[in-house]
Number of protein chains: 4
Amino acid sequence: MGNRVRAVVAGATGYSGRELIRLIAGHSGMELAGVFASRGGSSTPIVEIHPQLRGFQPGGADLSDLDSTICHPFDEEALARLKPAVIFLATPNEFSHEIMPSMLATGATVVDLSGSFRLRDASLYPAFYGFEHQATPLLEEAVYGMTELVRAQLPGAKLIANPGCYPTSIILPVRPLLEAGLVDESQPVISDSKSGVTGAGKTPTATTHFVEVSESFRAYNLLRHRHAPEIAQGLGLPGGTDRLVFSPHLLPINRGILSTIYLKLKAGTTRQSILDVWQERYAAAPLIRIFAGSQLPEIKFVAGLPFCDMGVVVDERSGQAIIVAAIDNLLKGAASQALQNANLALGFAEAEGLR
Amino acid sequence: MGNRVRAVVAGATGYSGRELIRLIAGHSGMELAGVFASRGGSSTPIVEIHPQLRGFQPGGADLSDLDSTICHPFDEEALARLKPAVIFLATPNEFSHEIMPSMLATGATVVDLSGSFRLRDASLYPAFYGFEHQATPLLEEAVYGMTELVRAQLPGAKLIANPGCYPTSIILPVRPLLEAGLVDESQPVISDSKSGVTGAGKTPTATTHFVEVSESFRAYNLLRHRHAPEIAQGLGLPGGTDRLVFSPHLLPINRGILSTIYLKLKAGTTRQSILDVWQERYAAAPLIRIFAGSQLPEIKFVAGLPFCDMGVVVDERSGQAIIVAAIDNLLKGAASQALQNANLALGFAEAEGLR
Amino acid sequence: MGNRVRAVVAGATGYSGRELIRLIAGHSGMELAGVFASRGGSSTPIVEIHPQLRGFQPGGADLSDLDSTICHPFDEEALARLKPAVIFLATPNEFSHEIMPSMLATGATVVDLSGSFRLRDASLYPAFYGFEHQATPLLEEAVYGMTELVRAQLPGAKLIANPGCYPTSIILPVRPLLEAGLVDESQPVISDSKSGVTGAGKTPTATTHFVEVSESFRAYNLLRHRHAPEIAQGLGLPGGTDRLVFSPHLLPINRGILSTIYLKLKAGTTRQSILDVWQERYAAAPLIRIFAGSQLPEIKFVAGLPFCDMGVVVDERSGQAIIVAAIDNLLKGAASQALQNANLALGFAEAEGLR
Amino acid sequence: MGNRVRAVVAGATGYSGRELIRLIAGHSGMELAGVFASRGGSSTPIVEIHPQLRGFQPGGADLSDLDSTICHPFDEEALARLKPAVIFLATPNEFSHEIMPSMLATGATVVDLSGSFRLRDASLYPAFYGFEHQATPLLEEAVYGMTELVRAQLPGAKLIANPGCYPTSIILPVRPLLEAGLVDESQPVISDSKSGVTGAGKTPTATTHFVEVSESFRAYNLLRHRHAPEIAQGLGLPGGTDRLVFSPHLLPINRGILSTIYLKLKAGTTRQSILDVWQERYAAAPLIRIFAGSQLPEIKFVAGLPFCDMGVVVDERSGQAIIVAAIDNLLKGAASQALQNANLALGFAEAEGLR
């Protein structure tokens, strides 16, 4: 185990933190050197916080023993002493932003699952994240880790801003079509997106109470969700969010996002031309699944899995395309994409630990 | 009880049939004269088919006694002998179409909950319903019962084509805006609609199996759902479905539809101008609820209730409107709208039995 | 409306409060004179707290207008000035206990949906409810309102302790069998009970977070739930909880309780003898439904309805009986039983407003 | 790949079949030599039947490529030509029983996930499985594969009857306590068990229709479930089912079983004595998790995982014990226990492929 790469997870008490631990524990080239909560709290065995992780490697003498792993309150110095090669931050937005300089000072590759380094334009932070960004030079240095679109920039990257869940489900299918010039640029890109409740985090609130969610469905934060500027940036849309309409909705399920995306195509564009662009662009992408037949992606096909699924129908007479894309918000929308990025930053195979 | 209006329900074994029975049993001016299944089957107490209905009017000596009501196989002559004033058909599409002439011959007002008399253009039936329409003169006679929009045509109507569930959630909020000239006619109306599983009926299929629906979400019948021509007709869109994009999705819940509808507004149109149109148009509509504050409709607000809820957000800079409308698909999308139509046809108060 | 009985609901912001308001609004002989929250908060339209209640009596000019009803912070004096004939307390346990003397001083009949007057033995309060009971004389005066078992004590009653949800599902089917001498008294009564999440109230907690409940199931408070002494008392079991094993579980649904109850029968007792006892005991009970055929109660048969359903299977060789009973925890387990009790206390028909 | 053990799955179209394929694909020492449906049907890519399996080993050149694997109709001869070392039968009961002789004739180890070889007493088959058993000598040869209890019999076993899901959740926690003499033998063992819907299989029926299951809960097959004799046999209870009360219920979730088990203990038996028996008996069992603290097993802790979780509370005054045990019905209750058994039969580590 001595020559495994040492990984640390901060923000280990939440759902993304739990998934990161599970994935790292199954990675052939990483070992879990330590886990931390966010600020505050007390030291607690990680299997008391996440009983799912008990006995996780029953026979695995060569793997770290989760049953005896303690989750400590966040402590920069203790973390640095672990000499990690990679640090995963599943911490709150403002907290990630605050600790980033000291995390980078450890020399590790830092994969930040929060939104605090995703937006290039620092002026957007007060309105969308509620704080003034204090580390604007790092915003330029950060690689926005939509893995399949930035693979070349990842080897050796030190600060990776892991994408948001909704943006992943929209940018991966749409950006290649915009770049290939298939889309009528006079019309907005409309994404009607639906997410399971893990996307709202683990803190109990009136809007995540079982009774308020079950047997119901609702739109929320229309025209003002913080993922809107991230999506516009990721799509390279001129004029910011003007050409983007993004409508998030809350599904009464635990995991998964399905985005139904409406695009007006340029004259003559067919369904096959969309499939061709995807197949060429993602030919070597092990974690993209293109639905080229009559079946479309559904959340159940991707729940618990690290893929982004995409399919499309086109009304060729009117040029209207409807893209359906699905991910597991905790995996391709968070933890598995983080590991995918870390794999490429550190020289592992892209899908190592994710199969 | 002698001077109550006599009502018959055919197709009583399904979910809409059950709701009709429950509503009629609570109506101060109707009595349930008989209930029938669709073709075939055997005579069975209705409370064995729907145990929810047992003991429904515990102390109600003045109401029909559901506990002893028998649901018989469909029988035109037995039905006619009951001399109903109103017949509710919750029967399959082709079957409604087949029995309609004999139902009308009884002299009763017939409210058809199937799709078989909704489309004016008979040529659409083979493609969308799988049969050649044999009663085209009746298509012209039928009143398309989107109650709030056709109130004047309902008194005395004999054949009422009760609207589909999805169309109700779209036509009620959008048609007044089109008529008021608020909408940019060069752009499509896009409705991303989500329905609970009762909308798929009671017959078990691979796509309604609990395991296939729960913890999942999917789009279906994109660009080819049979409600698309009904919606286009109901909106009065020129060019048929060309200006309509309708995307149905299946929610892992029992009841309710929420439609998120994207409209491009004419320059200068504000959110308030939309609310004004709705409030004027629906000022006297007891079963329309307009969400004029910051809250938007959610399925849980309307589940089990006979309302259509509507709200809207507008990006006034770009002119993009997002309407959110919600109904209970079994009530305003089926049984309660049927009773609302029957109330007006027979001279009752519109919301009688629906409070 | 002048000669309707005036009702007040305190604790109107919770789920039981909402159901009480809905039921009272539909009651032919009551009017809603006022609604209050528990301590604190600000005055808010009740339809902002419960949007389900908007437009509830669309055409009902003779009914109170919920749309303009304000829910005020609890205020004893303001409440007394409303001169209610009946006060429903859906307030927290300790708070109900604290305000009870002043509520009774109004001269109204008080129906307390909390647990604060259910247990006769005041010494149980510190352990099971966390406070010392200060009004022990009222404990003797209170009628424990398991309606069907105490009907004779209800007319004119001033303090009615409305039963807990779990106890209702157990005491109604089991008590008559104990009284009829059918049960082997050397064996414990075991109730394995399962409840939907509304039973845990509206306050968001880690254990009611959607993600923690959905796709899961768990037992809780085994051998120490506060309903255990209430059930033992209601069954009249000698020796307190010694002969009772009560195991509550949390179901991933909103509403409903199903209790599976294991009894050892005396030799010679048959399934029919149990059905006979129930049918005789509940012959005039409009809100008890006995399942005498092969079908057993299920939660969906009773959700949204004011009934207690009961059925039984018996292994006549071994004398083992398994009773299955179901209620809607918010209705027969709370609000509808409260109204049923108020009906009898005030001289209305038992099921008035509950059909 | 040449020296991997060759495995075949028959009955690959169902939920257990899908899980088996997924597990075998991740096993370091097995390769998937072929997959078959049950009788009939046509040859179809397995990823069309189970889209979850698409791209499952993205980078795994050393693993079989599921994307090109065809599921063929069952064909004994084609199966035999694949020269499997292990055959997993996830086929219907009677069908497993019919093909078993020819499966054994291939020389492979056969792990039968159906019930057709679980009961030693052939006379029980007509009543509980609906067919006369034709291979009674094989009933004696079969190893009933409750892995942790029969580990010594598994190496080299040729016919392994994989246990039922409910029995696994009951026998694993209870049998060691019976054997250790902790249980009062004059009282019945009562198991109130609750299962997710995958336990009912993939065929759509009225009782697995989403609308009939969601927001509901019900008991079924009380006193006559086919798992009752299997549980009695597995517990070694004298007198057959006389000392067993087994009550299955259907939960509105996809996966998981939780059994709440009521035992009367002999005088002086404590909670700790139960924990001690479990800890000694399962000291070397990698897939048993004992909950020795205050937390009890819940379905969400075990969903998607190969463990059997067990915990207990005891009322030491009355000697009443309540055991709570949980498994994933598709894994420890079916596919993962099958692989666990195959691992031991073929000489692999018990938990290989299951971590």
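The distance linking segment A:184-201 with segment C:296-355 is 45 Å (Cα centroid to Cα centroid, whole angstrom). P(r) tail for segment D:1-109: Cα pairs beyond 18 Å make up 43% of the total. Taking each of C:LYS332/D:LYS300; A:LYS264/B:LYS264; A:LYS194/B:LYS300; B:LYS194/B:LYS300; A:LYS194/C:LYS332; C:LYS83/C:LYS158 in turn, the alpha-carbon distance tops 24 angstrom for C:LYS332/D:LYS300; A:LYS194/C:LYS332. Ordering A:LYS83, A:LYS300, C:LYS194 from the fewest to the most neighbouring beta carbons within 10 Å gives A:LYS83, A:LYS300, C:LYS194. Quarter the surface of the alpha carbon convex hull of chain B and you get the mean projected area, 17.8 square nanometres. Proximity of backbone amide H atoms, modeled 1.01 Å from N, is registered between A:LEU159 and A:VAL110, A:VAL143 at under 5 Å, excluding neighbours fewer than 5 places apart on the same chain.
Three principal axis extents describe the C-alpha atoms of segment B:251-349; from largest down they are 46, 36, 20 Å. When chain C is treated as a GNM with alpha-carbon contacts under 10 Å, the residue of C:GLU76, C:GLU19, C:GLU230 showing the greatest mean-square fluctuation is C:GLU76.
Could you please rank D:CYS71, C:CYS308, placing first whichever residue has the fewest other Cβ atoms within 10 Å of its Cβ? Write down the numbers at each step before the final one.
Details: D:CYS71 25, C:CYS308 30.
Fewest-to-most ranking of D:CYS71, C:CYS308: D:CYS71, C:CYS308.
Using the Cβ atoms and a cut-off under 14 Å, what net charge is assigned to the surroundings of C:PRO248, where Lys and Arg are +1 and Asp and Glu are -1?
Net local charge, C:PRO248 excluded: +1.
For segment D:147-160, 3J(HN,Hα) computed residue by residue from phi via the Karplus equation (6.51, -1.76, 1.60; θ = phi - 60°) reads 2, 5, 9, 10, 3, 5, 8, 7, x, x, 4, 9, 10, 10 Hz, glycine and proline entered as x.
Between A:VAL150 and B:SER43, what FRET efficiency comes out of the Förster formula 1/(1 + (r/R0)^6) with R0 = 56 Å and r the beta carbon distance, rounded to 0.05?
About 0.25, to the nearest 0.05.
Working note: Karplus 6.51/-1.76/1.60 with θ = phi - 60° gives segment A:108-117 the couplings 6, 6, 10, 10, 9, 7, 7, x, 6, 10 Hz, where Gly and Pro are set to x. Computed over all pairs of different Cα atoms, the Kirkwood value for the hydrodynamic radius of segment C:245-296 is 13.9 Å.
Remark on segment C:188-238: Rg and Dmax equal 13.6, 42 Å (Cα only). Over segment B:48-144, all Cα pairs binned in 10 Å intervals from 0 give whole-percent P(r) values of 14, 37, 29, 16, 4, 0, listed from short to long.
Structure remark: mean-square fluctuation, Gaussian network model of chain C, C-alpha springs under 10 Å; the largest value among C:ILE87, C:ILE70, C:ILE323 belongs to C:ILE70. Shielding value for C:301-309 is 4, the average number of Cβ atoms from other chains within 10 Å of each residue's Cβ. So how far, in whole Å, is the C-alpha centre of segment D:246-274 from the one of segment B:12-57? Comparing the Cα centres of segment D:246-274 and segment B:12-57, I get a distance of 41 Å. Taking the helices alone, the protein assembly as shown has a mean residue ellipticity at 222 nm of -7500 deg cm²/dmol, built from -39,500 (n - 2.57) per DSSP H run of at least 4 residues and averaged over all its residues.
Residues whose amide H falls under 5 Å from that of D:ILE70, counting only those 5 or more places apart or on a different chain, are D:ILE46, with hydrogens built in the peptide plane. For segment C:323-333, the Karplus equation 6.51 cos²θ - 1.76 cosθ + 1.60, evaluated at θ = phi - 60°, returns couplings of 9, 10, 10, 9, 9, 8, 4, 7, 9, 4, x Hz by residue, with Gly and Pro reported as x. Anisotropy class assigned to segment A:94-181 is oblate, per the alpha carbon gyration tensor with a/c at or over the 1.5 cut-off and a/b no larger than b/c. The protection proxy used here, the mean number of other Cβ atoms lying within 10 Å of each residue, ranks peptides D:274-284, C:22-32 as follows, highest first: C:22-32, D:274-284.
Given 10 °C and 1.306 mPa s, compute D for segment B:307-350 with the Stokes-Einstein relation, Rh being the Kirkwood radius over Cα pairs; round to the nearest whole µm²/s.
For these conditions, the coefficient is 128 µm²/s.
Can you give me the Rg/Rh ratio for segment A:166-327, using Cα atoms for both radii and the Kirkwood formula for Rh?
Ratio value, two decimals: 0.98.
Dimensions of segment A:153-211 based on its C-alpha atoms, expressed as ranges along the principal axes with the largest first, amount to 45, 38, 13 Å.
Taking every DSSP beta bridge that has both residues in segment C:166-327, what percent is antiparallel when rounded to the nearest 5? Roughly 70 percent of the DSSP beta bridges within segment C:166-327 come out antiparallel.
Proximity of backbone amide H atoms, modeled 1.01 Å from N, is registered between A:VAL312 and A:VAL324 at under 5 Å, excluding neighbours fewer than 5 places apart on the same chain. Judged by the ratio a/c of the largest to the smallest principal axis of the C-alpha gyration tensor, segment A:218-278 counts as oblate, that ratio being 1.5 or greater while a/b is no larger than b/c. Structure remark: mean-square fluctuation, Gaussian network model of chain A, C-alpha springs under 10 Å; the largest value among A:THR203, A:THR147, A:THR91 belongs to A:THR203. When all alpha carbon pairs of the protein assembly as shown are counted in 20 Å bins from zero, the resulting P(r) reads 10, 36, 39, 15, 0 %. Counted over segment D:273-344, the DSSP beta bridges are approximately 75% antiparallel.
Note on chain B: antiparallel DSSP beta bridges, both residues inside, total approximately 45 percent of the bridges counted.
All of the numbers you see were taken from the coordinates with simple rules; none came from a lab. The structure displayed is predicted, hence computed values, not measured ones. Because the Cβ atoms are built from the backbone with ideal geometry, glycine has one as well, and the counts that use them run over all protein chains shown.
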